[in-house]
Amino acid sequence: MIIQKSENPRISSFDPNNFSFGNTFIDHMVICEFEDGKWGEVKLVPYGPLPFSPAMMGVNYGQACFEGMKAYKDKDGEVFLFRPEKNFERINKSAARLAIPEITREMFIDGLKALVNLDRAWIPQGEGMSLYIRPLIFATEEALKAKISSKYMFAIVATPAKSYYTEPVSVKISDFYSRAASGGVGSAKAAGNYAASFYPTQLANEEGYEQIIWTDDATHEYFEESGTMNVFVRINDTIYTPPTSEKILDGITRDSFIQLAKKRGIELKVEPVSVKQVVEAHKDGSLKEVWGVGTAVVTSVFKALGYKGEKLQLPLLSLEESFALSLQKDLVDIQTNNAEDTFGWRVLVKNEILETV
Ligand SMILES: *Cc1c(COP(=O)(O)O)cnc(C)c1O
């Protein structure tokens, strides 16, 4: 790995109590270029813009995918990643679906650890605080030809993140738009999936809903995901979540919630969840909770479901009553080293001095 440290670090002017999530970037980034059929050397360099042509294939044909993950700082200042191997596996699955060459462990895991270690001062400490990390790959060949690119860039950038506490939201059950289609790219973290979701989400926003519950493209009768999160439904004391598929992204938070629910002895069924079943459960009062899960906010609790012009109100439960909130707490306690990690999910980022090459 080539390490080039910033000569003008901005860390001294970073205020962990007052910053803007998503557009405050840490001092360094990882980059690695693919050319002539192979990935080059991994570089840890100062964060900054890169020169590209508007004819770059990644922006014209959307051959691009990414990951989203976090690093956490515990009370003693130790830094941890959460299940990074899962993100490494998944970025290569996404890459394969988009005909992007697979990346190496050195690029992803070693690059990640070196970056997080070098910029550990940027990780805010305290409840809900973390560093949001974005590994990504995009096609960089300069060519207006609809084909597989011969050049790519892999990069890792990161932005400090604040408390994940979010207000309960109203979501609209989609009866027209779809996020993913059979045989499509729904299970890949393809950049284009996000682009395609913005317009339907904007329409839902105009109707007073913060998010959409995506339903299947063929019938719109089954729940798939909610926004860019996996979805969970609680009817009486049983949790339901749809199985992952080519249309449902295999979320790491989802998998963690399933394992944590089992550990708590909560009944959980991974099976298709129909809109009808949810609407009927709401009618007879057995629908207790519906929520989304993902790395960014961990849990997004829903206070109302919009369906065919009706707004189905959901009860707002306390931490003691809510499965969503208690499982979120279990998860965050593991992520932030406030609880024993019986699953082996935390990965310590060793505090090492990196030699500049
Ligand atoms: C990233 C993402 C998720 C959540 O995955 P996590 O690994 O839990 O962060 C769920 N659905 C979609 C569509 C996503 O892009």
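Checked against (1) open to solvent by 20 Å² or more (accessible area, probe 1.4 Å); (2) within 16 Å of the ligand (Cβ to nearest atom); (3) more than 22 Å from Thr299 (Cβ to Cβ), Asp250 meets all criteria but (3). With respect to the conditions (1) more than 16 Å from the ligand (Cβ to nearest atom); (2) closer than 22 Å to Pro315 by Cβ, Ala218 lacks only one, and its number is (2).
Conditions (1) outside the structural domain of Arg254 (by TED's automatic domain parsing); (2) in a helix (DSSP H, G or I); (3) among the hydrophobic types (A, V, I, L, M, F, W, C); (4) buried (at least 17 other Cβ atoms within 10 Å of the Cβ), marked per residue:
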{"site": "Glu7", "(1), (2), (3), (4)": "yes, no, no, no"}
{"site": "Gly22", "(1), (2), (3), (4)": "yes, no, no, no"}
{"site": "Ile26", "(1), (2), (3), (4)": "yes, no, yes, yes"}
{"site": "Val59", "(1), (2), (3), (4)": "yes, yes, yes, no"}
{"site": "Asp76", "(1), (2), (3), (4)": "yes, no, no, no"}
{"site": "Asn87", "(1), (2), (3), (4)": "yes, yes, no, yes"}
{"site": "Ile103", "(1), (2), (3), (4)": "yes, no, yes, yes"}
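State all residues of region 272-328 that are more than 19 Å from Val169 (Cβ to Cβ), out of contact with any strand residue (DSSP E or B) (no Cβ under 9 Å at 6 or more places or on another chain) and part of a loop (DSSP other than H, G, I, E, B); if no residue qualifies, say none. Answer for region 272-328, where residues must be more than 19 Å from Val169 (Cβ to Cβ), out of contact with any strand residue (DSSP E or B) (no Cβ under 9 Å at 6 or more places or on another chain) and part of a loop (DSSP other than H, G, I, E, B): Asp284, Gly285, Glu320. A residue that is of a type outside the set (Val, Ile, Thr), modelled with pLDDT of 95 or more, touching a helix residue (DSSP H, G or I) at 6+ places or on another chain (Cβ under 8 Å) and assigned to a helix (DSSP H, G or I) occurs nowhere in region 154-174.
Is one or more of the residues making up region 265-273 without any contact (Cβ under 8 Å) to a residue 24 or more places away in the chain, more than 16 Å from the ligand (Cβ to nearest atom), closer than 24 Å to Tyr132 by Cβ and not assigned by TED's automatic domain parsing to the domain that holds Glu89? Can you show your working first?
Of all residues in region 265-273, those without any contact (Cβ under 8 Å) to a residue 24 or more places away in the chain come to 265.
Add one more test, that the residue is more than 16 Å from the ligand (Cβ to nearest atom), and what stays is 265.
Subset that is closer than 24 Å to Tyr132 by Cβ: none.
No: zero hits.
Residue count for region 292-351 satisfying the condition of being open to solvent by less than 20 Å² (accessible area, probe 1.4 Å) and among the small types (Gly, Ala, Ser): 8.
The values are calculated or read from the model by the stated rules, or taken from the named source; none is laboratory data. All figures in this text were calculated on a predicted structure; none of them were measured in a lab. For neighbour counting, all protein chains shown are included, and Cβ atoms are generated from backbone atoms with ideal geometry for every residue, glycine included. Just so you know, the surface numbers come from the protein's heavy atoms only, side chains and all, with ligands and any DNA or RNA stripped out. Shrake-Rupley method; radii C 1.70, N 1.55, O 1.52, S 1.80 Å.
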